[in-house]
Structures are given as C-alpha cells and as structure tokens.
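Below is one structure, written out as structure tokens; comments come after it.
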Amino acid sequence: MKLEATGKSGIWQKFGPLLALVLLFIVITVLNPSFMEPNNILNLLRQTSINALIAFGMTFIILTGGIDLSVGSILALSSALMAGMMVSGLDPILAILVGILLGAIMGVINGILVSKGKMAPFIVTLATMTIFRGLTLVYTDGKPITGIGDSEMFQMLGRGYFLGLPVPAVVMVIAFFILWFLLHKTSFGRKTYAIGGNERASRISGIKVDRVKVAIYGLAGTMAAIAGAILTSRLNSAQPTAGQSYEMDAIAAVVLGGTSLSGGKGRLFGTLVGVLIIGTLNNGMNLLGVSSFYQQVVKGAVILIAVLLDRKKS
Amino acid sequence: MQIEMHNIYKAFGQNKVLEGVHFSLEAGEIHALMGENGAGKSTLMNILTGLHKQDQGTIKINSTETSFKDSKEAEESGMAFIRQELNIWPEMTVLENLFIGREMSNPFGVLKNKQMKACAKEIFKTLNISLPFDKEAGLCSVGEQQMIEIAKALMTDAEVIIMDEPTAALTDREIEKLFEVMKGLTNKGVSLVYISHRMEEIFAICDRITVMRDGKTVDTKRIADTNFDEVVQKMVGRELEDRFPHREANPGDIVLDVKGLTKKGLFEDIHFAVRQGEIVGVAGLMGAGRTEIMRALFGVDQIDSGEITIEGKKVSIRKPTDAVRHGLAFITENRKEEGLILDFSVRENIGLPNLKSFAPSGIVKTEDEINFAEMMIKRLHVKTSSAETIIGNLSGGNQQKVVIAKWIGTSPKVLIMDEPTRGIDVGAKREIYELMNELTERGIAVIMVSSELPEIMGMSDRILVVHEGEIAGELLKQEATQEKIMALATGGN
Ligand SMILES: Nc1ncnc2c1ncn2[C@@H]1O[C@H](COP(=O)(O)OP(=O)(O)OP(=O)(O)O)[C@@H](O)[C@H]1O
Ligand SMILES: [Mg+2]
C-alpha cells in the first residue's frame, strides 16, 4: 500500500488542545505564580467538575451529530426536585438517586422526540430547555429551596474531600474513566461513532439508531442531573436559575477538545482537555483580576481560534 | 437456502417500480440479475432483504412464506447484501468498518478487538487484500472500499449473498480473485445473486440468468441455453447496434502538456501530452495511481513538483477552481460524494456547472435549463419520472448518467473522465461513447481513465498505461492489444 499524508493533522488533533492547555498554564503561572499553588489547582478541579460532567454527556450527543441545549435546565429541575424531596424528609441518598433518575428520564424524552419524532435536536432541546426551566420556576415558585438538612453524606458530595481531593473532582475522574471505556471500548461506543459518521448506512447495517440515540440523550440527562446534585450540595440549596447557559460552556469544551459538530469524529479525552482549558481561563483570569466582561470576550475568542486551527489542518 | 419471489409489486408514491416480478434462487447457484439502469434490480433485492416492503406478492424461503421486519432480521437469517452504493464510514478505520453493526463483544458490550483483528486477517487473506486495518476508510480508494464491503459480507457466514455490482470499481486481478472465492462458496452450498452490467462476467461465472425490463421479469434461463445477443436484446427490448460507435480522430494542436508531475509515494515523473479532439485512454491496475494523477492535475491534491502547460502557457493549478479557470473539467470516479447534490432535482444537478450559460445575468433562465436537462435525459435514457425528480431517488446507474450529463454541457478544453461508464447499462454506454465523439469533434480533448479494457481499446486514440505510479508505456490505437496493455500494467510479465 501507498503512504498517505495524514501524519500532521493526526498529531494536531491528538495533542493540539493539550498543547494549548499547557501553554495556558505556563502563561498564567508566569503572570501570577500563585496559580500553581496546590490549593488553587484543587479549587480549579472542583470548579471544572460540573462543566466536565455535562460536557462528557454532550460529547456523546455531538458525536452522533446532535446537540443538547436543555442540559442546564435539566440540571436545575433535577436539583430542585432533589432539594424538594429532601426538605420533605426523604433520605438524602435516595433523593439524589431519584433526582438522577428523573434527569435521565428528561434526557430520554429529548431522545424520543429527536429519534421517533424525527425533529432536529437543536429545535427539540431548545423547546425542552424552556419547558424544563419553566417547570423549575413553577416548582420552586421562583425562589431558592433551602433548609435541606445537614446529612453529612450529602454535604460531602459538593464540599468534601477524598484522599485530599475535592469529591466533585473525584466524581469527575471516575465518570471520565467509565464513559471513556463506554465510548472507546464497547460496541455502544462504536455505534455512537457510526451514527454520526453515516446515519443512513448505520440503519442499513442494522444498528438500532433510534434506540442508541434515546440512550445517549438519556446519558446526557443523567450527567446533567449528577452535576445538579453536586451543585445543590455545594450551595446547600437549589436555585431556580441554576445551570443557566451551562450548555454553552459544555458545547465549547467539546468543540475545544476537537470533536466535530457534524459528528463522527472526536474523543472524550479531548473534551476533558477542553473543560480544563475553559476552567483554567476562568480561574486564571480571576486571579489576574481581569474584569468579568473582558473574560467573556477572551473566552469567545479562544473558541474561535481553536476552531480555526482545527480547520486549517484539513 | 432456496428462495422464491412471486408476483412482486412495488411503487414509490406514483412511481411504479416493480410490476409482477418472479425470481427464484436455488442453493449453491450463482444467479445473474440483469436489466437496464432503473429496471428495478436493486429494489427487488432491497425487498428480499427487508429494507423495503413489497406492496403485493409473496416471498418463500425454503417453502415457508417469510417477510423480514428489517435488514437486521434478514442478516440474522443468513443473508448478506453487498449494496451498489458503498456504505462506508469515512472517519472510521478499515477494521471498524468491517464490524459495524456486528461488533464482537462480551455480554457487557466490551469489544474484543483481538478477535476481530484475527477474523479480519483471515478474510483479507482469502481475498488477497493488503490494507492496513487502522487506515481511515475515507482515505481508501473506491476499489479498496468495495473490497471492504465484500470482505464484510463474506465474514457473516451467510447462506445467501447478494452482490449488487461488486466489480464496478475493481480491476481484473481483484475480480479474478473474487470469482475464485465465489466458486468456492457455491461448493459449500451458498447461493449468490450477481447483479452486473458486465456481460463477460455474467457468462464467465453464472449458472442462471434472470433479465428484468421496466419492473417486470422478461425471462429466466440457464446460461448454457442463451447468449450475449439474446440477453442484450431482452434487456433493451430491441436490437442493439455495435458496442462502440465508429470513431474518426482528427487530433489538432497540443492542448495539455504535463511534464515531470510528481507526488511522493503516489506517482513519479509523469509525462504526457493531449491534443485537441483526441481521446487518450489511461489504463492500469487498481491502485496504480491513475486517479491520483488526475486528482493532482485537477488541483484536488497538491503536487510536489512538475509542470503543467495548457495551450502553450505554463499554468499553476493549486485548487480545483484554478483547473476550471484554465479549462479543465473532471468527472470523478466517486460520483455519489463528489458529483451530485442528492437533495437537488435532476434538472438542478445538470444545470449547476452550466449556470454561467443558462444565467449570464445571474437570473436563472429555467427555460434553457429545462430544455437542456430534458435533452440530456432523453439522450442518455435517464430513467426518471421527470426532470424535477430528486436525484437521490434515482437508481444507481441513472445517477451516474446525470453526472456525465452535467459536465458534458460545459465546454472545457480538456475533459477528464474517471471510469465514465461504471455501472451504466449497455445501451447508455454507447450513448456516452457517442457524446465523447461529439465532444472531440468540437475540439475538446478527452482523458479517459478506465479499467474496462474493451472500452479503452474501443474508444481511445492513444493509450497510456500506468504501473505503480509511473507511465509504463504508450500505445497507439492500432498497435494496442489486451495482452500488451496487461503486460505493461503488471510491470512487464
Ligand atoms: N426510494 C425511492 N423513491 C422513489 N423512487 C425510487 C426509490 N428507489 C428506487 N426508485 C426508482 O425505482 C426504479 C428502479 O430503481 P432500482 O434502483 O431498483 O434500479 P436498478 O435496476 O437497480 O438500476 P441500476 O442498474 O441503475 O442500479 C428507478 O426508476 C428509481 O428511480
Ligand atoms: Mg441498482
């Protein structure tokens, strides 16, 4: 066989985002050495964990060529429901599990509308984003739910440490390994790529495309609800406006990580790096005292540059 | 497995595609299914394998009436279908492509990569394929992609294998190997349905033949009891003239001159010239680099070095738009992806490269466009309910005709055609040859890359033979024989 000139693009795709992350670390450390202090790094990991969990689920969806705008609202609604159950005296662990299950169901609803309803994922999740947010406001009456008790287990989830690491970061790492395995080592993962790469051919090949999609949107809902549980614990309350615009940070992380919005191409590790880039930017700019208005400008510009670099290679 | 399809009817909306088809398949036979483009061959097989449902009629498998819910169910009961349009996942690797939809995994869904590799290795050995497993399938040539599809079907241990134009993208060597494997399968009792427009193949390998015309079965016969002419006559419903039209070449000045074209690892030091009104055939084995040379010439890929001169002026072609500006046109071998906009109508597709002449002021003069499209539809016998039909709904061969029609309307100085008649029925092939004659009479130069030797010899004024990325030799029409071409193409032995 003849050689193909694929080397360069492959290397950029694998290591480009990672390189950018390392560069970012160096620049910020030079500007403010306290960035590298262990405390700040642990803080950074805790801050990124919520976006990471959502972005992991989002990666699966984007790999199939879809999108999910409703994750922030799912986070808020499941958080409110968890808090509500706890206030009414349900065991916190049970409340969290039920809340996560409800989040999964919300995702499954998205999946059914997309696959069986044959509607565009953008439209479906735009609508459910509004609906789930609306239900959150109805349920909370627009006010935060507080007084959710002082179960130590529950407090741990958002604020505790395990072996010196923040529990949310531990959850993030565990979730990463489980989902990485699912995506790259199982037939389910293979089907995810197949659908994004060529949906028509996937159908002809006997892949139950609809079923896989429902499962993937369900997964994204689950991840959003887990993030919701962590947030609820961290704030010790459920906020009706929680999770607003989180979908954007998640999509940005996925794209920064090199996953193609048209599906079929990308890796979960890339998303992890993307999440860390966004987290580092936030954390670093705060340390450097950049105004939050400028922060937004910088974040947007970084996304554009990343996508542009990704383009250049092909 | 024994199959009996009885009185099958199928319509897509108003379009009646099958009207009372009978078809039977015995265990261990190779059954040819022939018919013009759009006769309904692929549709019939799609019905058999559960992708479409017939409106009327019955399917019996081993004498019990059967109807598959979907293609998965057909596959599970022992049927494999190598489809006419390749089902390739371009971003996934060769190995991943081989196992999509039937990955080997443990009960928890964890993939068994080692086992899949071993299994693939075995099948690649039987088929004599040497493709790296981790190559992205999108980077494979059409021929290689076809081999992936064949390997995929053979891996399933199916009792019935349907092959819809499997050899269209293959060259003689691969075809020979494939035939060997097919014979071996029939000895094990596997039945094969073989759809092809290549008459020689049908007579070389099949046991029985069923001819379809306009959605009906015309006849089923043993191969031994029929002949070439009878089959063609049944297919088209009339006598056909010679396969190749008479050709009188009047070459003019040199229009395209290529010197020292090199792309490392693909081709080296390519020299050739083409004159106005000349047809230059380019022969060679699959993977010899013919398509790569043409792609580079057209600016799809970058060359490392070399010089291109058009009408005496040195030009630099870095992207396809440069090529078009300098008067080149390119009909690619990969038509489905590179040649058509599947959601556009037949008319819109044909009109696309000709918008300048139909719409000089920017306003599309649809009158002209319609007339031109209808003329082309008629000449090439494109089977479509109207010029407004969405092209994705046409049969494979008819889509190819539209691509040809599309480019023939432009007036390039040099027209490059890569496998111009692949998958096209005998009647329409001749029309395309006649169009090529007309183009050269207008002074257009044609470069025709083809793997069909009869076509190369029947139509070219001059033949270039490519071997492993180099031009192994040049033959004039008068001196060319099948043996000479093959000798050059295989490196002289
Ligand atoms: N999904 C569809 N919707 C509408 N029309 C269709 C559809 N599929 C096929 N057809 C029509 O059915 C007819 C038969 O198509 P089919 O693909 O079976 O032809 P074929 O014999 O395989 O031809 P070829 O040799 O070109 O592959 C064509 O006229 C085509 O336009
Ligand atoms: Mg067909």
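Of note:
- Listed here are the helices (runs of 4 or more DSSP H) enclosed by region B:1-105 that have at least 1 residues being farther than 23 Å from B:N393 by Cβ and of a type in the set (D, E, K, R): B:71-76, B:94-99.
- Of all residues making up region A:62-93, the number that are touching a helix residue (DSSP H, G or I) at 6+ places or on another chain (Cβ under 8 Å) and either surrounded by fewer than 21 Cβ atoms within 10 Å (Cβ to Cβ) or closer than 22 Å to A:G134 by Cβ (or both): 22
- Breaking point among (1) buried (at least 18 other Cβ atoms within 10 Å of the Cβ); (2) more than 13 Å from ligand 2 (Cβ to nearest atom); (3) within 14 Å of chain A (Cβ to nearest Cβ), for B:E76: (1)
- Test: A:G196 is within 10 Å of chain B (Cβ to nearest Cβ), buried (at least 17 other Cβ atoms within 10 Å of the Cβ) and either in contact with a Ser or Thr (Cβ under 6 Å, 6 or more places away or on another chain) or part of a strand (DSSP E or B) (or both): yes
- Condition met for A:D150 (away from every other protein chain (no Cβ under 14 Å), more than 19 Å from A:A76 (Cβ to Cβ) and acidic (D, E)): yes
- Pairs with Cβ under 9 Å, 6+ apart, first in region B:376-405 and more than 16 Å from B:L435 (Cα to Cα) and away from ligand 2 (no atom under 13 Å from the Cβ), second part of a loop (DSSP other than H, G, I, E, B) and among the β-branched types (V, I, T): B:I391/B:I341; B:I391/B:T384
- In region B:389-446, residue surrounded by the fewest Cβ atoms within 10 Å (Cβ to Cβ) [restricted to those that are away from ligand 1 (no atom under 16 Å from the Cβ) and within 18 Å of B:A169 (Cα to Cα)]: B:D418
Results for (1) within 14 Å of chain A (Cβ to nearest Cβ); (2) within 16 Å of ligand 1 (Cβ to nearest atom); (3) surrounded by fewer than 16 Cβ atoms within 10 Å (Cβ to Cβ), shown as yes or no for each residue.
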| residue | (1), (2), (3) |
| --- | --- |
| B:L185 | no, no, no |
| B:V211 | no, yes, no |
| B:N227 | no, no, yes |
| B:V231 | no, yes, no |
| B:E241 | no, no, yes |
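- Selection within region A:142-156 - at pLDDT 90 or above and in contact with a Pro (Cβ under 8 Å, 6 or more places away or on another chain): A:G142, A:K143, A:P144
- Summed over region B:49-73, the residues that are within 14 Å of another protein chain (Cβ to nearest Cβ), within 16 Å of ligand 1 (Cβ to nearest atom) and at pLDDT 90 or above give a count of 4.
- Residues that are touching a Gly at 6+ places or on another chain (Cβ under 9 Å) and within 10 Å of another protein chain (Cβ to nearest Cβ) within region B:139-151 comprise B:S141, B:E144, listed in sequence order.
- Pick from region B:100-109, criterion more than 7 Å from chain A (Cβ to nearest Cβ) and either buried (at least 20 other Cβ atoms within 10 Å of the Cβ) or not aromatic (F, W, Y) (or both), ranking: farthest from A:W180 (Cα to Cα): B:R102
- Members of region A:150-166 that are buried (at least 20 other Cβ atoms within 10 Å of the Cβ) and either part of a helix (DSSP H, G or I) or free of Cβ contacts under 8 Å to residues at least 24 places away in the same chain (or both): A:F154, A:L157, A:G158
- Any hit, region B:106-126, residues being within 23 Å of the chain's Cα centre (by Cα), closer than 27 Å to B:E333 by Cβ and among the polar types (S, T, N, Q): no
- Matching option when the condition is on the phi < 0 side of the Ramachandran plot, more than 12 Å from chain A (Cβ to nearest Cβ) and surrounded by fewer than 22 Cβ atoms within 10 Å (Cβ to Cβ), among B:K112, B:K135, B:K125: B:K125
- Scanning region A:199-211 for residues that are in a helix (DSSP H, G or I) and modelled with pLDDT under 90, we see that the one that is nearest to the other protein chains (Cβ to nearest Cβ) is A:A201.
- Within the option set A:T241, A:T259, being part of a loop (DSSP other than H, G, I, E, B), of a type in the set (S, T, Y) and away from every other protein chain (no Cβ under 13 Å) holds for one residue only, A:T241.
- Residue in region B:349-357 that is surrounded by fewer than 20 Cβ atoms within 10 Å (Cβ to Cβ), at pLDDT 85 or above and more than 16 Å from ligand 1 (Cβ to nearest atom) present: no
- Scanning region B:162-208 for residues that are within 16 Å of ligand 2 (Cβ to nearest atom), more than 19 Å from B:E144 (Cβ to Cβ) and of a type in the set (A, V, I, L, M) gives B:I162, B:V193, B:I195, B:I202.
Yes or no, residue by residue, for (1) touching an Asp or Glu at 6+ places or on another chain (Cβ under 6 Å); (2) in the same structural domain as B:E452 (by TED's automatic domain parsing); (3) aliphatic (A, V, I, L, M):
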position	(1), (2), (3)
B:N97	no, no, no
B:G101	no, no, no
B:N113	no, no, no
B:M116	no, no, yes
B:L139	yes, no, yes
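- Failed condition for B:S42, given (1) at positive phi; (2) touching a strand residue (DSSP E or B) at 6+ places or on another chain (Cβ under 8 Å): (1)
- Close pairs (6 angstrom Cβ cut-off, 6 or more residues apart or separate chains): within 17 Å of B:E85 (Cβ to Cβ) in region B:42-57, within 8 Å of ligand 1 (Cβ to nearest atom) and part of a helix (DSSP H, G or I) anywhere: B:H52/B:N46
The values are calculated or read from the model by the stated rules, or taken from the named source; none is laboratory data. Here the structure is a predicted model, which is why all the values come from computation and not from measurement. Cβ atoms come from the backbone with ideal geometry, glycine included; neighbour counts cover every protein chain shown.
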